[in-house]
């Protein structure tokens, strides 16, 4: 069975690499990351992920702008996006993803179990 592909877009490269390791250790996912928001759509086109984990606050473009570009791209349209953010409080993070304005937000402080659950519930 082919592994599901996850793209992480986060300007904090250390965080993205750590998350990549955690996800790949499950043996279920092929994971890549992009640390520059301006390159996120091109990276997604090349990788064709089943889900994108997208930081909200990044230099150049914010996560909302990147998500809009992803959904406007015919090749990527419909790819699920989960926003990762430190802006969701620790209490909210412990309860899993938060839906706001039709988007899913998962706190960067969420547990690995909550991250895996969020991915499995939303992956294409």
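Dividing the summed helix terms, -39500 (n - 2.57) for each DSSP H run of n ≥ 4, by the number of residues in the chain produces a 222 nm estimate of -10000 deg cm²/dmol to the nearest 500.
Given their separation in residues at 0.36 nm each and the Cα-Cα distance between them, residue 112 and residue 75 gain 10.4 nm when the chain is fully extended. In a fully extended conformation the segment linking residue 45 and residue 13 would gain 9.5 nm over its present Cα-Cα distance, using 0.36 nm per residue.
Modelled label positions at residue 86 and residue 3, each set 7 Å beyond Cα in the direction of Cβ, lie 2.8 nm from each other.
With contacts taken as Cα pairs under 8 Å and at least 6 residues apart, the range 38-84 reaches a relative contact order of 47 percent.
At 0.36 nm per residue, and after removing the present C-alpha to C-alpha distance, how many nm does the segment from residue 22 to residue 121 gain when stretched out fully?
Working: separation 99, 0.36 × 99 = 35.64 nm, distance 1.78 nm.
Length gained between residue 22 and residue 121: 33.9 nm.
Taking the DSSP beta bridges with both ends in the chain, the antiparallel portion is around 15 percent. Shape of the range 7-56 from the C-alpha gyration tensor: oblate (a/c of 1.5 or more and a/b not above b/c, with a ≥ b ≥ c the square roots of its eigenvalues). For the range 4-122, the relative contact order works out to 21 percent when only alpha carbon pairs closer than 8 Å and six or more residues apart are counted.
Every read-out reported here was derived from the displayed coordinates using simple, explicitly stated rules and does not represent laboratory data. All figures in this text were calculated on a predicted structure; none of them were measured in a lab. Ideal geometry is used to build each Cβ from the backbone, glycine not excepted, and the neighbour counts take in all protein chains shown.
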